[in-house]
Amino acid sequence: MTAATGCGGASGVASAPPAKLKLYSYWRSSCSFRVRIALNLKGLEYEYVPVNLLKGEQFSAEFSKLNPIHYVPALADGDFVLADSFAILMYLEEKYPHHHPLLPSDLVKRAINYQAANIVSSSIQPLQNLYVLKFIGEKVGPSEPLSWVQYHIDRGFSALEKVLAGHAGKYATGDEICLADVFLAPQIYAAVKRFNVDMSQYPILSKLHEAYSETPAFQDALPENQPDAPEP
Ligand SMILES: N[C@@H](CCC(=O)N[C@@H](CS)C(=O)NCC(=O)O)C(=O)O
């Protein structure tokens, strides 16, 4: 995939990266999905290393060395291993600033990108994590996890509608794909495909979902297009 003009407005033309990156990922993980999108946008080739969360591979001795908190994604760049999608995205952004920049140069737009990304990564995604749903299913009741997730998605999405009003264009903060989009696309996708959320209450996010679904960097990063996705 070729790098395109990014949200900072800089040209995507840059020399090819020297080492092939390795992404430890799970097909349905929205945090891994974020990094896959960014890698695609930046035109960085990577080797896909599946970590099966349902089989508990995040707790294996081998993976624990890569990420002691047992989450995907993790990224290996040569001997350097980094975990946590936000840290990985910032690392890639700083290492490859000219490959589709993810942060706008405009201070306000940049700040809105941080706010939207953090609503997803702090106030929605952690509450729908596999181990949280398992805990609620076991301790509260087997029918509770879905309504728990839908409640927290609604809180986050209602806030995002207000935060993005006046900033959104084709994408979350204008007409270029920026950091906020990299967080929003997987979260909206999970809300629609996995958690049966009625998106009619969220017109801005619904429009973004449509725009993302037409973008190759998102399409290639979709859960169902990953090598460890189960056969349809
Ligand atoms: N803040 C971390 C969160 C990572 C995270 O929660 N990963 C989930 C998948 S999206 C995971 O590995 N969950 C394992 C589990 O629930 O056992 C990040 O952004 O990378």
Next on the checklist: Against the definition (more than 15 Å from the ligand (Cβ to nearest atom), at pLDDT 95 or above and not assigned by TED's automatic domain parsing to the domain that holds ASP175), how does ASN40 come out, yes or no?
Outcome noted: yes
Checklist entry - Within the stretch 44-63, is there a residue that is more than 14 Å from the ligand (Cβ to nearest atom), without any contact (Cβ under 8 Å) to a residue 40 or more places away in the chain and in a helix (DSSP H, G or I)? => result yes
Next on the checklist: I need the full set of residues from the stretch 70-86 which are open to solvent by 40 Å² or more (accessible area, probe 1.4 Å) and either of a type in the set (Lys, Arg) or more than 8 Å from the ligand (Cβ to nearest atom) (or both), in order please.
Outcome noted: GLY78, ASP79, PHE80, VAL81
Checklist entry - Out of all the residues in the stretch 104-134, which are β-branched (Val, Ile, Thr) and either in contact (Cβ under 8 Å) with a residue 60 or more places away in the chain or more than 9 Å from the ligand (Cβ to nearest atom) (or both)? => result VAL108, ILE112, ILE119, VAL120, ILE124
Checklist entry - Name the residues in the stretch 64-91 that are over 21 Å from SER122 (Cα atoms), in contact (Cβ under 8 Å) with a residue 24 or more places away in the chain and part of a helix (DSSP H, G or I), would you? => result LEU66
Checklist entry - Restricting attention to the stretch 180-192, does a residue exist that is under 17 Å from the mean Cα position of the chain (by Cα), open to solvent by less than 70 Å² (accessible area, probe 1.4 Å) and of a type in the set (S, T, N, Q)? => result yes
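The values are calculated or read from the model by the stated rules, or taken from the named source; none is laboratory data. In this text the structure is predicted, and so the values were computed from the model without any measurement. Neighbour counts are summed over all protein chains in view; Cβ atoms, including those assigned to glycine, are modelled from backbone coordinates with ideal geometry. The area values use the complete protein model at the heavy-atom level, side chains included, leaving out ligands, DNA and RNA. Shrake-Rupley method; radii C 1.70, N 1.55, O 1.52, S 1.80 Å.
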